[in-house]
Amino acid sequence: MADTLIKRKAARMLDMQAEPVILNIGPSHPATHATLRFIAELDGETLLKLTPEFGYLHRGFEKESENATWTQVIPYTDRLNYVSPLMNNVGYAMAVEKLCGIEITERSKYIRVLISEISRIIDHMVCIGTNMVDLGALTNFWYFWKPREEAYMQLIEPLTGQRLTTAYTRVGGAMWDLPEGWVEKCRNVCKTSFLPAIKDVNALLTKNRIFIERTMGVGPISKNDAIAMGFTGPCLRAAGVPLDLRKDEPYLVYDRFDFDVPIGEQGDTCDRYMVRMEEMRQSIRIIEQALDQMPGGPVNIDDTRYVLPDKPLVYTTIEALMQHFKFVMEGIQVPAGEVYSATEAANGELGYYIVSRGGKGPYKIKVRPPCFPLFQGMPLLCEGQMLADLIATLGSVNIIAGELDR
Amino acid sequence: MTDQRISIVLAKLIERFGGEVVSTHSDFGDDTALVRRERIVEICAFLRDDADCRFDFAMDLTGVDYLGETPRFEVVYHLYSLKNRQRVRIKVRLGEEDPEIDSVVPVWPGINWYEREAYDMYGIIFRNHPNLKRILMYDEFVGHPLRKDYPKTKRQPTLGPEE
């Protein structure tokens, strides 16, 4: 459709019989939900051309990280995708561990799976909730906001002490173990908050004719286009490509769980919604299995090169005190080399490319944010469609400016 | 090429582009090939189309600044094959005096913005790129912030709308 429009434009046969209108959307606009900007060329209400722009939230993550120690980078990773910060922590820790050749403890692997899946659920809830607000369905937003708040109040805050700036993982394990009673609370939040909310929103939307007619065929993308543009995550799976790193390159302990990878067909806003809804249910399945299999034992590896020695030992023995001092003053030592480590974050593949030259911090960190190709693909999704569909599509693609701009 | 074990992809690459491949390694399990820049588009098209490779995803592209070494810059491509569920890393070294390389946008359209970012951050020029402009920084920004000789504390005026 976009091609015919461009031809019509060239032949001066526009709908409005006039020059196209240039409309600026953003960078501060309620429907972009982030500091994103579009320059839209409009014929009436039809988008002739869309130029996305970003960089308004660029904070120089990579430059800062090159001047920090390995551990100091962890809090910076929170600020990438601030809707699911725990996943960024996990991805970074895994990349450094790959470089160090560390095999973390079983319990730590299960904890990382749990926090990743909880983050995935709340990320999807925010995505669907805000997308629906833009389409005028405010109730769903509240239905999803409450369980998200429960997850923060009962699970993430007691575990990390923070809401968004979690900085929970460490190279070789985690900041600390799960607090007492956390496992039961997690089970409870899944059962009494997540599942009923998904059920409610499902009942309101999935077979709702208004919703389906509003979203079906809006912002579609074909399988081949999605691959060529480098889409990953729910947006790629909605286009019908079953790529999920949890299945295809099982990391942590994902190969021990029984779960399905939902895919769509059209790659449109409706399919993206359906895929996200099903992924939340599958994540709950994973959480339940992980809680059942949860092993005991330590969270951190037994290696003082990477992990702080126990506090009682630091106070009573000179060796532990020296280790503690050296660890705090010099940081961990990571061998020279380069790795690329990818995890399946809520929006797609979150990759860390890290170059170490054996110094006290990384020589180079490149984050491959899942939003980057998605935002690049926006013109492909939207050109030829209506202006209002841009907002519907943008919400369903779930662009997080924090990780887009870094 | 002293590696004990060379993966199929790297072996294929050496067989087809023997003279172009400078070195390979599979450290940390990541298959890596350092190639010369002249035939990078051909190499990428081969990796995408060859039946054993099929690297249809260009997952990432970035630059690295090895200040003090010659050649100074490196462009790093991370590719992923959906068919074989496999990854490969292609690296190209570029000298300080002419940090230029052919754009691979014709091979993977999705690489467009990554190349713009590498240009913005490191000043690497991608020849035949459809729209090689700054992407994260603003047009008036002077210099390339991720270069190692760009001071971390340097500040430049942020520009508002023109009066």
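The values are calculated or read from the model by the stated rules, or taken from the named source; none is laboratory data. Here the structure is a predicted model, which means the values were calculated and not measured. Quick reminder, even Gly has a Cβ in these numbers, built from the backbone with ideal geometry, and neighbours come from all protein chains shown. Side chains are part of the model used for accessible areas, which takes the heavy atoms of the whole protein and leaves out ligands, DNA and RNA. Shrake-Rupley method; radii C 1.70, N 1.55, O 1.52, S 1.80 Å.
Condition test on B:E69, is it without any contact (Cβ under 8 Å) to a residue 24 or more places away in the chain, within 14 Å of chain A (Cβ to nearest Cβ), farther than 23 Å from B:N131 by Cα and not in a strand (DSSP E or B)? When the stated conditions are applied, B:E69 passes them. Only one of the numbered conditions (1) open to solvent by less than 30 Å² (accessible area, probe 1.4 Å); (2) within 14 Å of chain B (Cβ to nearest Cβ); (3) not charged (D, E, K, R) is not met by A:V314, and that is (2). Filtered by the rule that a residue be more than 14 Å from A:I156 (Cα to Cα), hydroxyl-bearing (S, T, Y) and either in a helix (DSSP H, G or I) or outside the structural domain of A:G331 (by TED's automatic domain parsing) (or both), segment A:87-120 gives A:Y92, A:S108, A:Y110. Say we look at segment B:51-64 and pick out the residues that are out of contact with any Gly (no Cβ under 9 Å at 6 or more places or on another chain) and facing another protein chain (nearest Cβ under 8 Å); which of these is surrounded by the fewest Cβ atoms within 10 Å (Cβ to Cβ)? The selected residue is B:D56. Restricting segment A:222-252 to residues that are at the interface with chain B (Cβ under 8 Å from one of its Cβ atoms) and in a helix (DSSP H, G or I), the residue that is farthest from A:E106 (Cα to Cα) is A:A228.
Looking at B:L10, is it among the aliphatic types (A, V, I, L, M), touching a residue at least 60 places away in the same chain (Cβ under 8 Å) and more than 14 Å from chain A (Cβ to nearest Cβ)?
The answer is yes for B:L10.
Residues are listed down the side, and each one gets a yes or a no for (1) crowded, with 21+ Cβ neighbours inside 10 Å; (2) at pLDDT below 90; (3) touching a helix residue (DSSP H, G or I) at 6+ places or on another chain (Cβ under 7 Å):
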{"position": "B:G95", "(1), (2), (3)": "no, yes, no"}
{"position": "B:D98", "(1), (2), (3)": "no, yes, no"}
{"position": "B:Y114", "(1), (2), (3)": "yes, no, no"}
{"position": "B:E117", "(1), (2), (3)": "yes, no, no"}
{"position": "B:Y122", "(1), (2), (3)": "yes, no, no"}
{"position": "B:I125", "(1), (2), (3)": "no, no, yes"}
{"position": "B:R134", "(1), (2), (3)": "no, yes, yes"}
{"position": "B:K148", "(1), (2), (3)": "no, yes, no"}
{"position": "B:P151", "(1), (2), (3)": "no, yes, no"}
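What are the residues in segment A:208-221 that are open to solvent by 60 Å² or more (accessible area, probe 1.4 Å) and assigned to a helix (DSSP H, G or I), if any?
First, the residues of segment A:208-221 that are open to solvent by 60 Å² or more (accessible area, probe 1.4 Å): A:209-210, A:213-214, A:216.
Within segment A:208-221, A:R209, A:I210, A:E213, A:R214 meet the criteria.
Please go through segment B:82-99 and pick out each residue that is in contact (Cβ under 8 Å) with a residue 40 or more places away in the chain and either under 24 Å from A:A228 (Cα atoms) or in a loop (DSSP other than H, G, I, E, B) (or both). B:Q86, B:R87, B:V88, B:R89, B:I90, B:K91, B:V92 - these are the residues of segment B:82-99 that are in contact (Cβ under 8 Å) with a residue 40 or more places away in the chain and either under 24 Å from A:A228 (Cα atoms) or in a loop (DSSP other than H, G, I, E, B) (or both). Within segment A:158-178, residues that are farther than 24 Å from A:R148 by Cβ sit with their Cβ atoms under 9 Å from residues that are acidic (D, E), at 6+ positions apart or across chains, in these pairs: A:V171/A:E97; A:G172/A:E97; A:G172/A:D303. Give me the residue from segment A:63-86 that is outside any loop (DSSP other than H, G, I, E, B) and open to solvent by less than 10 Å² (accessible area, probe 1.4 Å) and, out of that set, nearest to B:V64 (Cα to Cα). The selected residue is A:S65. Here is a check on your reading of the model: is A:F259 modelled with pLDDT of 90 or more, more than 14 Å from chain B (Cβ to nearest Cβ) and part of a loop (DSSP other than H, G, I, E, B)? Criteria met by A:F259.
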